[in-house]
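Visitor: Below you'll find the structure I mean.
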Amino acid sequence: TFGDDYGGQYVPEALMPALQELEDAYERYVLENEDGFMDEFHERMRDFGGRPTPLQRADRLSERYDREIYLKREDLLHGGAHKLNNALGQVLLAKYMGKERIIAETGAGQHGTATAMAAAHLDMPCEIYMGRTDINRQRPNVYRMRMNGAEVNPVTAGSGTLKEAINETMRDWATTVEHTHYVIGSIVGPHPFPKLVRDFQSVIGDEIREQIREEAGRLPDSVVACAGGGSNTMGTFHAFVRDDDVDLYAVEAGGSSLEIDAEEGLAPNSATLSTGTDGVLHGAMTKLLQSEEGQIVESHSVSAGLDYAGVGPELAHLVETGRVTPVNVDDDAALNGFHRLSNLEGIIPALESSHALGYLERAAGTAADTSSGQRPRDEHTDELGDLVVVNVSGRGDKDLETVLEETEKRDLEAAPDVEVFDA
Amino acid sequence: TFGDDYGGQYVPEALMPALQELEDAYERYVLENEDGFMDEFHERMRDFGGRPTPLQRADRLSERYDREIYLKREDLLHGGAHKLNNALGQVLLAKYMGKERIIAETGAGQHGTATAMAAAHLDMPCEIYMGRTDINRQRPNVYRMRMNGAEVNPVTAGSGTLKEAINETMRDWATTVEHTHYVIGSIVGPHPFPKLVRDFQSVIGDEIREQIREEAGRLPDSVVACAGGGSNTMGTFHAFVRDDDVDLYAVEAGGSSLEIDAEEGLAPNSATLSTGTDGVLHGAMTKLLQSEEGQIVESHSVSAGLDYAGVGPELAHLVETGRVTPVNVDDDAALNGFHRLSNLEGIIPALESSHALGYLERAAGTAADTSSGQRPRDEHTDELGDLVVVNVSGRGDKDLETVLEETEKRDLEAAPDVEVFDA
Amino acid sequence: MSDAVTENEYDSDVEAAIRENHPALITYITAGDPSLEDTKEYVEALDRGGSDLIELGLPFSEPIAEGPTIQAAINRALAAGTTPEGFFELVDDLETEAPLLVMTYYNMILQYGGSEAPRASDGRAAKPRDKPEVRPFVERAAGAGLSGIIVPDLPAEEAGPLRAACDDHGLDLVFIIAPTTEGQRLDDIMSQVSGFAYVQARLGTTGARANVSSATHESLARLEEYDVPKAVGFGVSEGDHAAEIVEAGADGVIVGSALVDIIAEHGSDTGAAAERLEAKAAELKRGARRGADSLTVDGEDAPEPEQP
Amino acid sequence: MSDAVTENEYDSDVEAAIRENHPALITYITAGDPSLEDTKEYVEALDRGGSDLIELGLPFSEPIAEGPTIQAAINRALAAGTTPEGFFELVDDLETEAPLLVMTYYNMILQYGGSEAPRASDGRAAKPRDKPEVRPFVERAAGAGLSGIIVPDLPAEEAGPLRAACDDHGLDLVFIIAPTTEGQRLDDIMSQVSGFAYVQARLGTTGARANVSSATHESLARLEEYDVPKAVGFGVSEGDHAAEIVEAGADGVIVGSALVDIIAEHGSDTGAAAERLEAKAAELKRGARRGADSLTVDGEDAPEPEQP
């Protein structure tokens, strides 16, 4: 657990032995590098995944914000997002543990595709649970998983999205736990998953630390990453948690509003760290978007990958202790962040990552730049400092249709003229 | 020129001074690294582009073909293909030359998107010419270019594809040549473009050389790359041209048939090196798909990126001298190559690159594996040797829809059950 | 509520209900499916049918341990607006022979009463944000006359706070024993059994099955040495299953999805549903007795289990 | 063909046509647009209208130097099945006052006769695959009575082989001078002028424009010192343009797109098109003469060009 409260193993009894087995494997292979496990992990992430990813100075953003802005380019990882770090780590671990089958849930499809490619690479049978609504929204990702040889199991319950897919994957695991490993996609779920996923993802921050020292000769003043479940967030932050001088900003999806409609069971945001309350979901005590009675509400964000009512327990803990500052930007600011990076830097970011860029604009942008926005200049403005690292957790090719649709509905300062898209 | 015949500068007089200016800049900046040009190029390709890309041992292909197979992972380059090497190099060169505007043609959109992102990165105004038919077939790439701030100019002439887009870009250049640089997308066009593009792309082979020596302790027995215009081909081969022991295979698109229908002006393939005749197109003497009278025919391939009636003059020369072996595989074999790599290695290759993988299967596969194919076991079977490098020039996300459609029409041994895609 | 249970030699109402009515029938339905009013009638029908213990599900939006049948029932109950307070009011109102247990997920317990003023009764410093805790729920459950709590997502390792609160209020906290529960963990959990050991018949989720799994027989064999009441659930749907399970050494059988199916089939025809629930309970109870009788006939020599 | 041109003091029929008919009108249409039969009538109409030289386009599928108008004409000609052999047969058949030139792209020249047996006449070893070369085309062109060749994608640097073949057969190879042609290159090209210097009026492609560009005036000023016939093309569409250009120092004007427009407008009404072509040629010739007359009136003092 993290601190007194967060984390734990709130799962059906049938899964407890598997979690203990996983905990044992985590300690031996991950923490102690038994049989050279971590060496193989790093080697495969280099050769198959494309690590290290660059830490790039963003010339035009640096000029715009009058400070040094560096981008960690997880968008260049195989599969197009940081997700592979974890998926490959867990599938490899499953192989070391003698498991014969991989299952995973997926929402927008990013974790599912990463798991499918890791499973193909390591020759493991793989099944992915995905809500039917998500399947229809994210067909290209379904195709990618299928082409990588994974089965895709549609989940029809409820709204047919991530929450239901997780529930269904847990049900599969409760049945097949003896020979199957469940590759959880973020730093959520019962112990040891949050630590396991964090440790695989922390290659991001480890690289940043080394790269920024080489580039700038010192550690950054602040590190900014978007937060849904929180795997890219903790992966980016972990290496800096003990550096008190490095401010850590977790940028959540403010969606269209921070208010919860408890009556309808809907939160038009997924700002769990900013607005959630403590509770137990999917195996861990953490912060949640829930009704007063304890029912989990449907979250919402323009970015499907941030659209989750929970968050990693470690992030909840670090926010509670004040080490990580939770902030959030709304859909509009994220879309502007998307267009700004695309247009100024030639990098089309995932909508998830666009939230981090939207926050950068708010916190570091000039008053003139933000005058049209609804939000006041953020209170942490001066704390971003002179040297800022932003994690670009993934690429935005997958989001093109969404961005077009959502851009057309709005009057966004950073968007190109939408009409010309009809050229 | 390359050898006695290939290459040259067959362009309107108005462009000649610009070509001479470019030749001068090529010699100073590229060949002599004046003002540290090449240092900046390599640095930006590292930080912005993600170089070096990995050279990955393909475990399951190595097992299947009973030899060491390594994949050069250009699919991991920013933008999803090797195209950025050239686009960034040329846009940077244009900047050094004091040009104020970038134009480029694009067929499937890969070169256009690479140019648009390079232009955004380097803050250069950019216009891309693209046939209307291609625009309709490749909308996501149009969106990406627009989001990167480029204008996309539809070309309505003829069949509205690559050939017309090149013609139209040349017309723009003939008008604006004094302040505009035309970023040609392959090792084609008038001198010095074929050498310029080759030199920017040769970072691929330079890396392979170093990486394979580190991995295997020696140079490969053979190197395999697909060939359309030939930029990834020459980029891969250039470092090995003087190593007589390294066999070089350029894999062209055999399409549906190698026969040309001169009556209709159609070639159902783009196997220019294998079947073309000498002539002048787009500024250079090279091998072409043309009628006996000299009209250029419409080429065809399931892979839009290989679909070009010409080929780089240097490749034509190397084929003529016997240094490079031209081979080709048909659409079916390419599709099987696509599915095989996706399924066995967790890498979804571009349909272009899939041709190289299709050839690998034919040349290295067991007799049993190819028994269902229409073609005989290739004559070069034994020449691939024990250590083979295949260039995966790009990723296949862009090709998902095409692959689904084309797969459904066929009975492909390596394809997953198409029905399940409807999950 | 179940004030009919007499004082007895056992630790709790729940254990007594199983021991004294051996072989016991434990039935489950979801409260609020399709409405709390209907639930009242269905509980009474199950009680009449011969249930010795009745589990009432308090619906939670993420029922990760349930199969499709109960998941759908929970969704119906939530759609009907079932709240914890409504649930407790129903229990307040119920008078059954059989003791009642509540089956719910841990978050529902944690959040109950969470909107009240911060409590610091457990000695922690009151924080600016209210920390969820389990006592309000347990207090209210005890007050409503519930005899125990089953929490499918609360393994023994995490059960400390809830166990303490239950002990303080005289409620049983029933643990589940899974086919994967073995060795030291099995010993630890069996040593803490409260009420009865809920023996999970097979891996997976709840849901009616066509036969009794071999895992059931293996589990019961593994548990033979422990002198605690054992009730088997997950997949039991017919009298013959009940007979087989009791024959294999169980002290009781737990039936849920088969009953929820009946409720779902009848929709708004509450009377017919209640009638069938009563009949189904009776069939299951008869089956259980048949299993017990066969044991008596064969003496100690239990018959070979039929392999599914 | 043009056997009407008399022997003269100049190097070639082409130069003579310009010098003797100063200021000269050079007209262009695409052969085969909309058919070779129509082309015959149109050429004769242009000849009657006062053309001093006529360029006939042999269509190539990738006309990178043409604007939309001529590009469309080329596409129509190709769609009508126009072949090099058909083109030459048309020329064989034509009898015009004005000498004829062929305007085509280099690949068309290279491939002509390519299906015949390998030739090794240029001293190269005959290779297994036939290498294209220019002589068969030039031979055929000379045989058909053409006086010269214009190749928009063949700069002087690449023109060696074709120039040699043309010299051998007494054909002019006309070079284009672009607004960007300056310094040493300009000297080199001007020293090789054959027939006349084709002065490109502006950067860009062919196509009718509403005015005469300032680049035209600058180019002509730059070329003033060279004693060769200069004809200006690219964008000339009206008599007034012709006047202005001649006034600025040109020896001739070249008009293409404006004529192709007329052909396109009339579709299959060949007679009407021919009539208008003849009238248009006459208008342009009159314009050119007007320009020449104004020069005579003003003496050496050329008027200020109108800036567009």
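The values are calculated or read from the model by the stated rules, or taken from the named source; none is laboratory data. Since we're looking at a predicted model, the values are computed, not measured. Glycine also receives a Cβ, built like all others from the backbone with ideal geometry; neighbour counts cover every protein chain displayed. Only protein heavy atoms, including side chains, enter the accessible area calculation; ligands, DNA and RNA are left aside. Shrake-Rupley method; radii C 1.70, N 1.55, O 1.52, S 1.80 Å.
Visitor: Treating the beta-carbon of each Lys and Arg as +1 and of each Asp and Glu as -1, no other charges, what is the dipole magnitude of segment A:196-341 about its Cα centre, to the nearest 20 debye?
Guide: For this selection, approximately 480 debye.
Visitor: What net charge do the residues around A:Asp75 carry, taking every other residue with its C-beta under 10 Å from that of A:Asp75, with Lys and Arg at +1 and Asp and Glu at -1?
Guide: +1
Visitor: Hey, another quick one. I need the per residue convex hull volume for segment C:120-251, using only the alpha carbons, in cubic angstrom as a whole number. Present the calculation step by step, with values, prior to reporting the outcome.
Guide: Values: hull volume 17.9 nm³, N = 132.
Dividing the Cα hull volume of segment C:120-251 by its residues yields 135 Å³.
Visitor: Taking the Cβ-Cβ separation of A:Glu40 and B:Ser159 as r and a Förster radius of 51 Å, what is the calculated FRET efficiency to the nearest 0.05?
Guide: E between A:Glu40 and B:Ser159, to the nearest 0.05, is 0.50.
Visitor: With N residues in segment B:233-306, what two-decimal value do you get for its Cα radius of gyration over 2.2 N^0.38 Å?
Guide: Its radius of gyration relative to the 2.2 N^0.38 Å reference: 1.24.
Visitor: Which whole number in µm²/s is D for segment C:179-308 by Stokes-Einstein, with the Kirkwood Rh taken over Cα pairs at 10 °C and 1.306 mPa s?
Guide: Taking Rh from Cα pairs, D becomes 103 µm²/s.
Visitor: Quick check for you: which residues of segment B:71-106 have the amide N under 12 Å from the point 7 Å beyond the Cα of B:His179 toward its beta carbon?
Guide: Residues B:99-102 qualify, since their backbone N sits under 12 Å from the label point.
Visitor: Stick to the Cα atoms of chain A, pair each with every other, and give me the Kirkwood hydrodynamic radius in Å at one decimal.
Guide: 21.2 Å
Visitor: Would you kindly derive the ³J(HN,Hα) couplings of segment D:243-252 from the backbone phi angles with the Karplus curve 6.51 cos²θ - 1.76 cosθ + 1.60 (θ = phi - 60°), listing them in order in whole Hz, with x for Gly and Pro?
Guide: With coefficients 6.51, -1.76 and 1.60, one gets 4, 4, 5, 5, 4, 7, x, 7, 8, x Hz.
Visitor: Per residue, what volume in Å³ does the Cα convex hull of the protein assembly as shown take up? Walk me through the numbers on the way to the answer.
Guide: Details: hull volume 277.9 nm³, N = 1462.
Considering the Cα atoms of the protein assembly as shown, their hull volume per residue is 190 Å³.
Visitor: Enter the mean number of other protein chain beta carbons within 10 Å of the beta carbon of each residue in A:108-117, as an integer.
Guide: 1
Visitor: For the pairs A:Lys398/B:Lys195; A:Lys83/B:Lys409; A:Lys72/A:Lys99; A:Lys83/A:Lys398, flag any whose C-alpha to C-alpha distance is greater than 24 Å.
Guide: A:Lys398/B:Lys195; A:Lys83/B:Lys409; A:Lys72/A:Lys99
Visitor: What are the distances, in nm and sorted shortest first, from the label point of A:Ser256 to the label points of the same position in each other copy, with each label point placed 7 Å from Cα along the Cα-to-Cβ direction?
Guide: Relative to the other copies, A:Ser256 has label-point distances of 4.8 nm.
Visitor: While we're looking at this one, here's another question. Could you work out the relative contact order of chain A? I mean the mean sequence separation of Cα pairs under 8 Å and 6+ apart, divided by the number of residues, in percent.
Guide: 18 percent
Visitor: A follow-up question, please. Sorted from largest down, give the three principal axis spans of the alpha carbons of segment A:242-366, whole angstrom values.
Guide: Largest first, segment A:242-366 extends 46, 37, 24 Å along its Cα principal axes.
Visitor: Related question: Using a cut-off of 11 Å between beta-carbons, work out the net charge of the residues near B:Gly189 (Lys and Arg +1, Asp and Glu -1, B:Gly189 not included).
Guide: Within the 11 Å Cβ shell, the charges total 0.
Visitor: Take the Cβ-Cβ distance between A:Arg28 and B:Leu31 as r, set R0 to 41 Å, and report the resulting FRET efficiency rounded to the nearest 0.05.
Guide: So, using R0 = 41 Å, E works out to roughly 0.15.
Visitor: So for chain C, if I pair up every lysine 8 or more residues apart or on another chain, how many of those pairs have alpha-carbons under 27 Å apart?
Guide: Within chain C, the lysine pair count is 4.
Visitor: Using all Cα-Cα distances in segment A:167-309, what percent lands in each 5 angstrom bin from 0 up to the longest?
Guide: 2, 10, 16, 18, 17, 14, 11, 7, 3, 1, 0
Visitor: From the label point of A:Asp24, set 7 Å from Cα along Cα→Cβ, how far away are the matching label points in the other copies, in nm, ordered shortest to longest?
Guide: Distances to the matching label points in the other copies: 7.6 nm.
Visitor: In addition: List, largest first, the extents of the alpha carbons of segment D:32-75 along their principal axes, each in whole Å.
Guide: Projected onto the principal axes, the Cα atoms of segment D:32-75 cover 31, 21, 14 Å.
Visitor: In a GNM of chain A with a 10 Å cut-off on Cα contacts, which of A:Asp134, A:Asp245, A:Asp331 has the highest mean-square fluctuation?
Guide: Greatest mean-square fluctuation among the candidates belongs to A:Asp245.
Visitor: For an R0 of 30 angstrom, estimate the FRET efficiency from the Cβ-Cβ distance between C:Asp93 and C:Ala279 and round to the nearest 0.05.
Guide: My answer for the efficiency is 0.80.
Visitor: Let me ask something additional. Over the Cα atoms, compute the radius of gyration (one decimal) and Dmax (the largest Cα-Cα distance, rounded to a whole number) for segment A:111-187, in Å.
Guide: 11.8, 33
Visitor: Which parts of segment C:58-78, residue by residue, lose 50 Å² or more of accessible area when the rest of the protein chains are there, as against the chain isolated (1.4 Å probe)?
Guide: C:Glu62, C:Ile64, C:Gln71
Visitor: Separate question: Simple spin-label model, 7 Å along Cα-to-Cβ: A:Asp386 to A:Glu401 in nm?
Guide: 4.8 nm
Visitor: Using only alpha carbon pairs under 8 Å that are at least six residues apart, calculate the relative contact order of chain D and give it in whole percent.
Guide: Details: 622 pairs, mean separation 70.1, N = 308.
Relative CO of chain D lands at 23 percent.
Visitor: How big is segment C:178-231 on each of its three principal axes, counting only the C-alpha atoms and giving the largest first in Å?
Guide: 32, 21, 17
Visitor: Let me ask something else about it. Determine the calculated [θ] at 222 nm for the protein assembly as shown from helices alone, applying -39500 (n - 2.57) to every DSSP H run no shorter than 4 residues and normalising by the residue count; nearest 500 deg cm²/dmol.
Guide: -12000 deg cm²/dmol
Visitor: Return the distance in nm (one decimal) between the two label points of a simple spin-label model at C:Glu265 and D:Tyr10, each offset 7 Å from Cα along Cα→Cβ.
Guide: 10.7 nm
Visitor: If you don't mind, another one. For peptide C:148-157, compute the average count of partner chain beta-carbon atoms within 10 Å of each residue's beta-carbon. The partial results should precede the final answer.
Guide: Numbers: counts 0, 0, 0, 2, 6, 12, 7, 11, 2, 9.
The shielding value for this peptide is 5.
Visitor: In nm to one decimal, list the spacings between the C:Gln184 label point and its equivalents in the other copies, with label points set 7 Å along Cα to Cβ, shortest first.
Guide: Listed shortest first, these distances are 8.8 nm.
Visitor: In segment D:51-112, how does Rg compare with the Kirkwood Rh, expressed as the Rg/Rh ratio over alpha carbon atoms?
Guide: With Rh from the inverse mean 1/r over Cα pairs, Rg/Rh is 0.96.
Visitor: Okay, moving on. At 7 Å along Cα-to-Cβ for each site, give me the label-to-label distance between D:Glu182 and B:Ser62 in nm.
Guide: 5.9 nm
Visitor: Quick check: convex hull of the Cα atoms in chain C, volume per residue, rounded to a whole Å³? Walk me through the numbers before you get to the answer.
Guide: Numbers: hull volume 38.8 nm³, N = 308.
Dividing the Cα hull volume of chain C by its residues yields 126 Å³.
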